[in-house]
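The values are calculated or read from the model by the stated rules, or taken from the named source; none is laboratory data. Every value quoted in this text rests on a predicted model; they were computed, and no experiment measured them. No Cβ is skipped: glycine too gets one built from the backbone with ideal geometry, and neighbour counts run over all protein chains shown. SASA here: full protein model, heavy atoms, side chains in, ligands and nucleic acids out. Shrake-Rupley method; radii C 1.70, N 1.55, O 1.52, S 1.80 Å.
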Amino acid sequence: MDSVSLRLEDLPLRDDLRGMTPYGAPQAALPVALNVNENTHPIPKDVSDDIVDAIALALRDVNRYPDREFTQLREGFADYLGHGLTRDQIWAGNGSNEVLQHLLQAFAGPGRTVFGFAPTYSMYPLLTRGTGAHWIAGERGHDFTIDPDDAAAQVAAADPDVVFLCAPNNPTGTPLPLDVVDAVYAACHGIVIVDEAYQEFAPRDAPSALTLLPERERMVVSRTMSKAFAFAGARVGYLAADPAVIDALRLVRLPYHLSAITQAAASAALHHAATMLATVDDIIVQRDRISATLEALGYHPYESWTNFVLFAGVADPAGTWQALYDRGVLIRDVGLPGSLRVTAGTEAETTAFLDVLASLGSAS
Ligand code: PMP
């Protein structure tokens, strides 16, 4: 019998999910892939050897469920983050996306609202709606910056249950000063999530929102191993918050959500944090080279404290994206008018991108 495939509209799907589109950055096997803000440097051989050994050890007990509390890994993250944090203030998941989802499952949900300053990370509205909550988009000022008083007024007016502050912001790269975080926290009753996925690419002397955690029990700082740590494929994200927030997350996580293999791999990688992070300085050099070259070509690159650059002044973003694609370079059209986003790759990848873009002619 021929199988008949239903259409999505024909399924008894939740009404609030109808019409939504899934996250879908193109995944194409192009020689130069600079579209999803990965760290394009492979991890060093001695580190991957240690990770393989740790996984081999974990496999001996893989007939048993893993440590549900991923104790060793939480200790590893507390040590890495510093700021006097202890493991009872740490949570982790399969990527920071899952950590953010846990937060929304615990603190958002039907009848609740989640606020973020648009444009920002595209998964925030999707994760919000996935829990049945309502997404509220706030506004940014000139060049995507946020003013503390304006931010506080917008958040106070919206009175959300959860606020996302992406610091620095994806897809724009914009730094977020801590006075904005502080003002937003003071202006609302909800959970304030500071997403520091790209913090390691900020200037060394730029303070993290971790410095604000003491005395602010509704504040959460999330991080990921996907970017600076070059560990995107392993799927490991984490956060720091008050121990009571961590207890709330235990209510919504699936039992044993972090596999023994993930825990072993991440703990082994954390032992080599300095080596894993060694490429950060190179990436920053390439990021700044991208900005300088784009400017020389007549584009308008926005200030970036991340491993990518958003640039405006693109007359035909879809056409430029396709022309780069046809020449083996994958970047990202994030849907902002006249703009494209490119991840800083290795020196060779960055050169390939800049050369192909220059060959297309100067900006309009
Ligand atoms: N936050 C931000 C701002 C991101 O850009 C990303 C990934 N692009 C994530 C969170 C999620 O990363 P991961 O799930 O790989 O940790």
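Using only side-chain charges placed at the Cβ, +1 for Lys and Arg and -1 for Asp and Glu, the dipole size of the chain relative to its Cα centre rounds to 760 debye. Summarising the label geometry, the points placed 7 Å from Cα in the beta-carbon direction at residue 271 and residue 303 lie 4.1 nm from one another. Residues within the reach of a label modelled at residue 257 (point 7 angstrom out along Cα to beta-carbon, backbone nitrogen below 18 Å), restricted to segment 101-131, are 101-110, 123-131.
Label segment 170-248 by shape, choosing from rounded, prolate and oblate, from the square roots a ≥ b ≥ c of the eigenvalues of the Cα gyration tensor; if a/c is under 1.5 it is rounded, and otherwise prolate applies when a/b is larger than b/c, oblate when it is not. Taking the square roots of the gyration eigenvalues as a ≥ b ≥ c, segment 170-248 is oblate.
Of the accessible area of segment 316-364, computed with a 1.4 Å probe over protein heavy atoms only, carbon and sulfur atoms account for 49 percent. Here each label is just a point 7 Å from Cα along the line to Cβ, and for residue 157 and residue 362 those points are 4.1 nm apart. Of 201, 94, 169, which is farthest towards the positive pole of segment 45-271's charge dipole, taken about the Cα centre with +1 and -1 on the beta-carbons of Lys, Arg and Asp, Glu respectively? Value: 94. The fraction of Cα-Cα pairs per 5 angstrom bin, counted from 0 for segment 45-271, comes to 1, 7, 15, 19, 20, 16, 11, 6, 3, 2, 0, 0 percent, rounded to whole percents.
Mind listing which chymotrypsin sites (Phe, Trp or Tyr not before Pro) in segment 1-109 are in a DSSP loop and have 16 or fewer other Cβ atoms within 10 Å?
Values: sites: 23, 70, 77, 80, 91, 107; in loops: 23, 70.
Answer by residue number: 23.
For residue 334, the residues whose modelled amide H falls within less than 5 Å of its own, excluding neighbours fewer than 5 places apart on the same chain, are 341. Ignoring ligands, DNA and RNA, what percent of the 1.4 Å accessible area of segment 45-271 is carbon and sulfur? Answer for segment 45-271 is 52 percent, counting heavy atoms of protein chains only. Heavy atoms of the protein chains alone define the surface here; on that basis the chain has 45 Å² accessible area per residue at 1.4 Å probe size. Of the listed residues 226, 259, the order by accessible area with a 1.4 Å probe, largest first, is 259, 226. Taking the three principal axes of the alpha carbon atoms in segment 283-364, the coordinate ranges are 28, 24, 22 Å, sorted in descending order. The label-point distance for residue 244 and residue 211, in a model that sets each label 7 Å from Cα toward Cβ, rounds to 2.6 nm.
Given R0 = 30 Å, the distance between the Cβ atoms of residue 11 and residue 118 translates into a calculated FRET efficiency of 0.50. With +1 on each Lys and Arg Cβ and -1 on each Asp and Glu Cβ, and nothing else charged, work out how big the dipole of segment 228-364 is about its Cα centre, in Debye to the nearest 20. So the magnitude is around 460 debye.
Please report how far the C-alpha centroid of segment 82-158 lies from that of segment 266-344, rounded to the nearest whole angstrom. Their Cα centres are 24 Å away from one another.
With r as the distance between the Cβ atoms of residue 83 and residue 28 and R0 = 41 Å, compute the FRET efficiency 1/(1 + (r/R0)^6) and round to 0.05. Don't jump to the answer; show the numbers that get you there.
On the way: r = 40 Å, r/R0 = 0.97.
E between residue 28 and residue 83, to the nearest 0.05, is 0.55.
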